[in-house]
Amino acid sequence: MKVLDAKFVQGFIRMADDGFQQGWHERNGGNLSYRIKDEEVDEIRDQLSYDREWMPIGTEVPGLAGEYFLVTGTGKYFRNVIIDPETNIGIIEVDDKGVNYRICWGFTDGGRPTSELPTHLMNHEVKKRQTNGKHRVIYHAHTTNTIALTFVLPLTDEVFTRELWEMATECPVVFPEGLGVVGWMVPGGREIAVETSKLMEKYNAVIWAHHGMFCSGEDFDLTFGLMHTIEKSAEILVKVMSMAPKKLQTITPDDFRKLAVGFKVELPERFLYEKE
Ligand code: 13P
Ligand code: ZN
């Protein structure tokens, strides 16, 4: 099968375009990766090449030894993925130690995987272990309203989770475990990857202050849906904060406890603190 005809490649391209249409991917902003299933690799194996050099990942991910990923390229624009996928995305293989990768398909103009590869792969390693291989998608986007909030809210998991839960009744059902926040750091390296992947042990979404967000999920729909839900909630919060200094009414801690019973989700009490 041609790589571009594979269902997972089509799903990946559609998600990249959906993100662009949302306004989350100015210029080369954001990146996406998918851990390819063994049977999907088998379908396209005759299209892969194994003659390119191994390159350092920039961190160690032994739990991903031998895995293949479809990833967006560094410096590539999400808006171009749909018109020229072979140049803007590529398939990489991780070596048997989890320290190097090589390009097996795509990046036809000599491109390379995203500069956030360390964070993508460290997040994948955590999620593969933690979900018994269920999670396959890691997505980074420059979500406007979420970024705006990192200038005015305290940068804690508790405050961000609680404020975003309050803005839309579906939020605690979509991300009952809450979400994490990383204070401003230099992007693109191992250090921010380590901090992000630590939070991915607890959460499926992590906000990078003054930068954007990372989400993890089983498939393209769930991962895009998580990003979309959080960013929508952030948009409502920005509107609410712009309209009035204080909310007149909101969803209360007891309302959340009732919701938890009704929707059979566990909502950690540390997010249901009393406010003055
Ligand atoms: P890349 O172009 O290397 O993917 O970087 C974009 C980005 O969003 C960095 O955080
Ligand atoms: Zn970014």
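Observations on the model:
- Three-way shape call for the chain based on the alpha-carbon gyration tensor, with the a/c threshold at 1.5: prolate
- Averaging the sequence gap over all C-alpha pairs within less than 8 Å and six or more residues apart, then dividing by the number of residues, gives the chain a relative contact order of 18 percent.
- Using a simple spin-label model with pseudo-atoms 7 Å out from Cα toward Cβ, ASP109 and ASP219 lie 3.3 nm apart.
- Since only LEU149, GLY63, TRP165 are under comparison, the one whose Cα sits farthest along the positive direction of the charge dipole of segment 53-196, derived from C-beta charges on Lys, Arg, Asp and Glu, is GLY63.
- Of the DSSP H helices in the chain, those that are both long (alpha-carbon extent of 24 Å or more along the helix axis) and hydrophobic (Kyte-Doolittle mean at least 0.5) are 220-243.
- Taking the helices alone, the chain has a mean residue ellipticity at 222 nm of -11500 deg cm²/dmol, built from -39,500 (n - 2.57) per DSSP H run of at least 4 residues and averaged over all its residues.
- Packing-based order for 120-130, 198-208, using average beta carbon neighbours within 10 Å, highest first: 120-130, 198-208
- Each of SER216, SER49 has some number of other Cβ atoms within 10 Å of its Cβ, and from fewest to most they run SER49, SER216.
Where a number appears in this text, it was derived from the coordinates with a stated rule and is not lab data. On a predicted model such as this, the values are computed, not experimentally measured, just so you know. Reconstructed Cβ throughout: ideal geometry from the backbone, glycine too, with neighbour counts over all protein chains shown.
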